[in-house]
Amino acid sequence: MADTANSDAFVEFERVQKSYDGENLVVKDLNLSMPKGEFLTMLGPSGSGKTTCLMMLAGFETATHGEIKLDGRPINNIPPHKRGIGMVFQNYALFPHMTVAENLSFPLEVRKIGKSDREAKVKRALDMVQMGSFGGRRPAQLSGGQQQRIALARALVFEPELVLMDEPLGALDKQLREHMQFEITNLAHQLGITVVYVTHDQTEALTMSDRVAVFDDGRIQQLAPPDELYESPENSFVAQFIGENNTLEGTIKEIGEDVCLVQLDDGELIDAKPVNVSKVGDRTTISIRPERVEVDTAKLGDKAHTLKAEVMEFIYMGDVFRTRLKVAGKDNFIIKTRNSADQRRLQPGEQIEIGWLPRDCRALDAV
Ligand SMILES: Nc1ncnc2c1ncn2[C@@H]1O[C@H](COP(=O)(O)OP(=O)(O)OP(=O)(O)O)[C@@H](O)[C@H]1O
Ligand SMILES: [Mg+2]
């Protein structure tokens with residue numbers, strides 16, 4: 001959901017729209033308000049408008065409509081180099097003819113920082129990304145991951161209040177990526193930097209961010225802290241995009257404050273939490289997380305709803321068992337159960353009963 005304008009905001013997008021061709025809006029109506037020091041991630045599928053938003057904030061693109069403010073001041077007319085923003089983009093483009101130290105020194109020279117100060121800041125920035133002994137090398141003499149770390153150091157060296165990062169870890173292997181995720185969030189919090197981070201990796205978004213803005217089709221579909229996004233998705237797109245999710249289709253039969261009655265397409269009636277449905281007769285997609293489904297339904301007490309299921313596939317994954325079931329005529333219903341001493345391994349073909357609490361079952365917009 002969109003944020004409203006806020007006087008404490010450090011970064012603000014107010015009703016921002018963007019069209020490249022004068023016809024199609026690739027950013028439709030963006031409202032976003034970030035306090036100082038926040039780490040916000042824009043997460044969404046390819047083409048959803050994330051980079052465009054970052055480019056407008058950086059000043060490389062102008063908004064077609066609306067206003068962008070930094071620290072309370074409109075920045076639409078301030079050129080990029082005067083915005084004091086650090087940037088790391090996927091194609092990090094260090095200056096190839098300069099050494100690592102010269103690359104880092106450059107933004108300081110532009111800002112007329114004296115030589116001894118520059119040297120101290122460059123050293124500190126290199127140490128921050130654990131590249132202290134690489135100052136004399138040229139970019140071509142570094143690995144891709146090392147170049148990204150230098151790009152990060154260069155974005156931070158002049159101590160900007162705002163840093164924009166567009167898929168900065170895209171080229172790294174899993175281990176270095178996880179190490180850098182940790183390093184970036186630590187640095188940002190330590191230095192009190194406000195960060196707008198772009199990724200299409202949901203794990204990265206969930207683990208690094210104070211809040212995540214889920215983008216689709218030029219709009220923020222939901223803006224919330226990671227746990228809220230996962231536990232309380234507001235629409236079917238977010239439920240499907242964040243984490244693993246089961247869906248069943250049906251029609252609303254009764255609707256109240258906290259609970260609605262849904263008739264699934266195979267005729268079964270179940271209770272769900274009404275989230276993004278408005279009236280009786282509406283089509284709905286209900287959403288249940290795999291780990292909220294219980295096989296031992298007696299554990300759930302009498303509030304639970306139970307359904308018959310057929311085991312299609314059982315996958316042993318070490319710490320958890322992942323089982324694919326046929327439920328209400330659909331054979332892609334996934335459940336996850338912890339590998340504990342009393343948890344039986346289910347056999348394909350077995351008929352079982354599954355259940356969940358109504359609060360874990362959300363009635364969302366039909367897909
Ligand atoms: N310079 C441009 N000229 C015309 N159209 C553009 C331009 N840049 C982006 N677009 C279009 O705008 C839409 C949003 O692109 P954008 O780069 O913001 O997406 P994204 O969310 O960053 O995607 P990705 O995850 O693939 O990087 C896309 O449909 C894209 O084709
Ligand atoms: Mg992009």
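Contact order for the stretch 303-348, expressed relative to its length and based on alpha carbon pairs under 8 Å spaced 6+ residues apart, stands at 35 percent.
Rounded to the nearest 20, the size of the Cβ-charge dipole of the stretch 244-365 about its Cα centre is 260 debye, with Lys and Arg at +1 and Asp and Glu at -1. Working note: 222 nm ellipticity from helices only, DSSP H runs with n ≥ 4, each -39,500 (n - 2.57), summed and divided by the residues of the chain, gives -7000 deg cm²/dmol to the nearest 500.
Across the alpha-carbon set of the stretch 1-90, the Rg to Rh ratio works out to 0.93, Rh being the Kirkwood radius.
Put a plus charge on the Cβ of each Lys and Arg, a minus charge on the Cβ of each Asp and Glu, and nothing anywhere else: the dipole of the stretch 172-243 about its Cα centre is then about 160 debye. Shown in residue order for the stretch 113-127 are the 3J(HN,Hα) couplings computed by the Karplus curve 6.51 cos²θ - 1.76 cosθ + 1.60 at θ = phi - 60°: 7, x, 4, 5, 4, 4, 4, 5, 5, 5, 4, 4, 5, 5, 5 Hz (x for Gly and Pro). The simple spin-label model puts a point 7 Å past each Cα toward its Cβ; for K36 and T306 those points are separated by 5.8 nm. Net charge dipole, the stretch 11-236: roughly 1140 debye, given to the nearest 20, about the Cα centre with Cβ charges of +1 for Lys and Arg and -1 for Asp and Glu.
Taking θ as phi - 60°, what are the ³J(HN,Hα) couplings along the stretch 59-76 by the Karplus curve (6.51, -1.76, 1.60), each to the nearest whole Hz, with x for Gly and Pro? Here the 3J(HN,Hα) series is x, 8, 9, 9, 6, 6, 8, x, 9, 10, 10, 10, 6, x, 10, x, 10, 3 Hz. The label point for H97 and the one for R359, both projected 7 Å from the Cα toward the Cβ, are 6.5 nm apart. Between L248, L206, V88, the Cα set farthest toward the positive side of the dipole of the chain (charges on each charged residue's Cβ, about the Cα centre) is that of V88. Of all DSSP-defined beta bridges confined to the stretch 260-367, some 95% are antiparallel rather than parallel.
Distance between the C-alpha centres of the stretch 290-367 and the stretch 141-210: 38 Å, rounded to the whole angstrom.
Of the residues Y316, Y197, Y230, the one that moves most in a GNM of the chain with alpha-carbon contacts below 10 Å is Y316. Name the residues whose placed amide hydrogens come within less than 5 Å of the amide hydrogen of E254, ignoring near sequence neighbours (fewer than 5 apart) on the same chain. Under 5 Å from the amide H of E254 lie the amide H atoms of L261, each far enough along the sequence or on another chain.
When Rg and Dmax are taken over the Cα atoms of the chain, they come to 24.6, 76 Å. For the chain, modelled as a GNM whose springs connect Cα atoms under 10 angstrom apart, the maximal fluctuation among N186, N246, N77 occurs at N77. Applied to the stretch 151-156, the Karplus parametrisation 6.51 cos²θ - 1.76 cosθ + 1.60 on θ = phi - 60° returns per-residue 3J(HN,Hα) values of 4, 5, 4, 5, 6, 9 Hz, with x for Gly and Pro. On full extension, the segment bounded by N24 and V367 gains 121.1 nm, given 0.36 nm per residue less the C-alpha separation. Looking at the chain, the DSSP beta bridges with both ends there are about 75 percent antiparallel. Could you tell me the center-to-center distance, by alpha carbons, between the stretch 117-134 and the stretch 217-232 in angstrom? For the stretch 117-134 versus the stretch 217-232, the Cα centre distance is 37 Å. With a threshold of 22 Å on the Cα-Cα distance, the over-threshold entries among K253/K303; K69/K115; K50/K123; K253/K299; K279/K330 are K69/K115; K50/K123; K253/K299; K279/K330. Sequence-distant contacts, meaning Cα pairs under 8 Å at least 6 residues apart, place the relative contact order of the stretch 13-133 at 19 percent. Candidates I113, N235, A155 compared by Cα position along the dipole of the chain: farthest toward the positive end lies I113, with charges placed on Cβ. When the Gaussian network model of the chain links Cα atoms closer than 10 Å, the mean-square fluctuations of A151, A120, A341 top out at A341.
The numbers here are math on the coordinates, done by the rules we state, and not lab data. Just so it is clear, the model here is predicted, and its values are computed rather than measured. In this analysis, Cβ positions are derived from the backbone assuming ideal geometry, glycine residues included, and neighbour counts consider all displayed protein chains.
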